[in-house]
Amino acid sequence: MSMTVPEVSRLLLTSPVFLAVPSVAEFAQAAQVMGGLTLLCALVTLVGFGWRWGIRFRLVGITGFMAVLTGGLFALGLTPVTRTVLPNASRYTTVYDGGGTQAVIAVPGHLTPEQLTATLQQAANDLFSYGRLATGDAVLTVRARTLLHPEPGVTEPLYLGQVRRSLRQRQDPGMVVELDTQALARLERAFPGS
């Protein structure tokens, strides 16, 4: 059975995709299996050197490559590959992030308090990293701001709220979101009906 190019294209575009990104647990399991195969290949390499096989140096290269693959799978098993998208979160831009414990994001000026809360939580999850330079209590603070233009030629940053989360654990149940109600009221006056 032969298919034409348009039929193949239609089949690929309409059929469900069976290739999914593996989970962290699947990467960890693959690293274990690959580690076992690497050790087996290293054993065969040692036997090859003992018996002076002609392919013994090729086996060294194969074993080294398998060790590199094992290391990559192990690294992918440590952190998630995909990011979780929170419902009701709005798009944001990271304005400041020095890799430490503070970051600032810019949000649109027409957010509701619920959207702002979800956006702050989304940013805190996205900006979390075990590699951040944390001292003391190891808490990441992400502040949200928008820009107001009270008169032509004047731009004023308005901080709407912040979220504080732990840098010690990825799933932080103690994440604290604080919204500035005065800033939100001022934003409502600046953008009525939003």
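Checked across segment 85-92, the condition of being touching a residue at least 40 places away in the same chain (Cβ under 8 Å) and either in contact with a Cys (Cβ under 6 Å, 6 or more places away or on another chain) or not acidic (Asp, Glu) (or both) holds for at least one residue. Checking the structure you have, find out if any residue of segment 178-188 is hydrophobic (A, V, I, L, M, F, W, C), over 29 Å from the mean Cα position of the chain (by Cα) and in a loop (DSSP other than H, G, I, E, B). So far as segment 178-188 goes, no, none of its residues is hydrophobic (A, V, I, L, M, F, W, C), over 29 Å from the mean Cα position of the chain (by Cα) and in a loop (DSSP other than H, G, I, E, B). Just to verify a result, which residue in segment 113-131, among those that are surrounded by fewer than 18 Cβ atoms within 10 Å (Cβ to Cβ) and more than 14 Å from the chain's Cα centre (by Cα), is nearest to Leu184 (Cα to Cα)? Looking at the filtered set, the residue picked out is Pro113.
Residues checked against (1) outside any strand (DSSP E or B); (2) farther than 22 Å from Gly100 by Cβ; (3) of a type outside the set (A, V, I, L, M, F, W, C):
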| site | (1), (2), (3) |
| --- | --- |
| Arg132 | yes, no, yes |
| Arg143 | no, no, yes |
| Thr146 | no, yes, yes |
| Glu156 | no, yes, yes |
| Arg168 | yes, no, yes |
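Tallying residues that are in contact with a Gly (Cβ under 7 Å, 6 or more places away or on another chain) and either of a type in the set (Asp, Glu) or over 19 Å from Thr119 (Cβ atoms) (or both) within segment 137-194 yields 3. Hey, any hits in segment 125-142 for a residue that's aromatic (Phe, Trp, Tyr) and more than 30 Å from Leu39 (Cβ to Cβ)? The answer is yes; a qualifying residue exists. The number of residues in segment 52-69 being farther than 20 Å from Ala28 by Cα and either outside the structural domain of Leu37 (by TED's automatic domain parsing) or not charged (D, E, K, R) (or both) comes to 8.
Among the residues of segment 70-121, what is the count of those that are of a type in the set (Lys, Arg) and either within 30 Å of Gln29 (Cβ to Cβ) or part of a helix (DSSP H, G or I) (or both)?
So the first thing to find is which residues in segment 70-121 are of a type in the set (Lys, Arg), and the list is 83, 91.
Restricting the remaining residues to those that are either within 30 Å of Gln29 (Cβ to Cβ) or part of a helix (DSSP H, G or I) (or both) gives 83.
Residues meeting the conditions: 1.
Within segment 144-194, the set of residues being among the small types (Gly, Ala, Ser), modelled with pLDDT of 90 or more and surrounded by fewer than 17 Cβ atoms within 10 Å (Cβ to Cβ) comprises Gly153, Gly174, Ala185.
The values are calculated or read from the model by the stated rules, or taken from the named source; none is laboratory data. Since this is a predicted model, take the numbers as computed values, not measurements. Neighbour counts run over all protein chains shown; Cβ positions are idealised from the backbone, glycine included.
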